[in-house]
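Structure, as structure tokens:
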């Protein structure tokens, strides 16, 4: 179980800016969109942390918090492809890794609506970042692809959080959140 909780940290170090996103002309817009979140440690860590925190919140948060992230991320994407600039997109994306990691690490208990609003705010910037990197891809297939990938990353976090079970497991899930926050700091300092 401890090895599974290190997956977010491993993925962050394995996915570096040296990797290129899939070419939508060669692989299709859907595949390019689906692969896109997997090419950035910041996206992987933040999205898994959303799932971890949702699992630690429990109840309806398990599905409402990740859904809020995906839907608001799509709004941010729409704003980006609409050509509306948003300041500080990349700094907020990097900060989101730290914030979401800390939310999971502390297992901060927040009302579901507040938790959804918090992740939604951060998701908007992730979506805008995706929209800014659309390139030659078709917008809708690309959006469907990265939304599906995001949901999978959330599910991994939820699985880690719920699969841990019991007090010791909850502490391991919180530890994964702490590692995520540390990895976010590492990304922020190294970027």
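Conditions: (1) surrounded by fewer than 19 Cβ atoms within 10 Å (Cβ to Cβ); (2) free of Cβ contacts under 8 Å to residues at least 24 places away in the same chain; (3) under 18 Å from the mean Cα position of the chain (by Cα). Residue 132 meets all but one. Number of the miss?
The number of the failed condition is (2).
Condition test on residue 178, is it modelled with pLDDT under 90, part of a helix (DSSP H, G or I), within 12 Å of residue 49 (Cα to Cα) and touching a helix residue (DSSP H, G or I) at 6+ places or on another chain (Cβ under 6 Å)? Before you say what the answer is, go through the steps one by one.
Numbers: modelled with pLDDT under 90: no; part of a helix (DSSP H, G or I): yes; within 12 Å of residue 49 (Cα to Cα): yes; touching a helix residue (DSSP H, G or I) at 6+ places or on another chain (Cβ under 6 Å): yes.
Taking the combined requirement at face value, the residue does not satisfy it.
Rundown of residues vs (1) buried (at least 22 other Cβ atoms within 10 Å of the Cβ); (2) without any contact (Cβ under 8 Å) to a residue 24 or more places away in the chain; (3) not in a helix (DSSP H, G or I), yes/no style:
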site: 76; (1), (2), (3): yes, no, no
site: 83; (1), (2), (3): no, yes, yes
site: 96; (1), (2), (3): yes, no, no
site: 102; (1), (2), (3): no, no, no
site: 110; (1), (2), (3): no, no, yes
site: 114; (1), (2), (3): no, yes, no
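Let me spell it out: the conditions are (1) at pLDDT 95 or above; (2) farther than 15 Å from residue 50 by Cβ, and residue 136 meets all of them except one. Which number is the exception?
If we test residue 136 against (1) at pLDDT 95 or above; (2) farther than 15 Å from residue 50 by Cβ, just (1) comes out false.
Residue 143 - would you say it is in contact (Cβ under 8 Å) with a residue 24 or more places away in the chain, in a helix (DSSP H, G or I) and within 23 Å of residue 79 (Cα to Cα)?
On the way: in contact (Cβ under 8 Å) with a residue 24 or more places away in the chain: yes; in a helix (DSSP H, G or I): yes; within 23 Å of residue 79 (Cα to Cα): yes.
Yes: the conditions hold for residue 143.
Can you pull out the residues in the stretch 62-74 that are surrounded by 23 or more Cβ atoms within 10 Å (Cβ to Cβ) and closer than 15 Å to residue 160 by Cα?
Correct list: 66 only.
Output the residues belonging to the stretch 24-37 that are at negative phi and either more than 18 Å from the chain's Cα centre (by Cα) or at pLDDT 85 or above (or both). Steps first, answer last, please.
Step one: filter the stretch 24-37 for residues at negative phi, giving 24-27, 29-37.
Result: 24, 25, 26, 27, 29, 30, 31, 32, 33, 34, 35.
The values are calculated or read from the model by the stated rules, or taken from the named source; none is laboratory data. Since we're looking at a predicted model, the values are computed, not measured. FYI the Cβ positions are ideal-geometry reconstructions off the backbone, even for glycines, and counts take in every protein chain you see.
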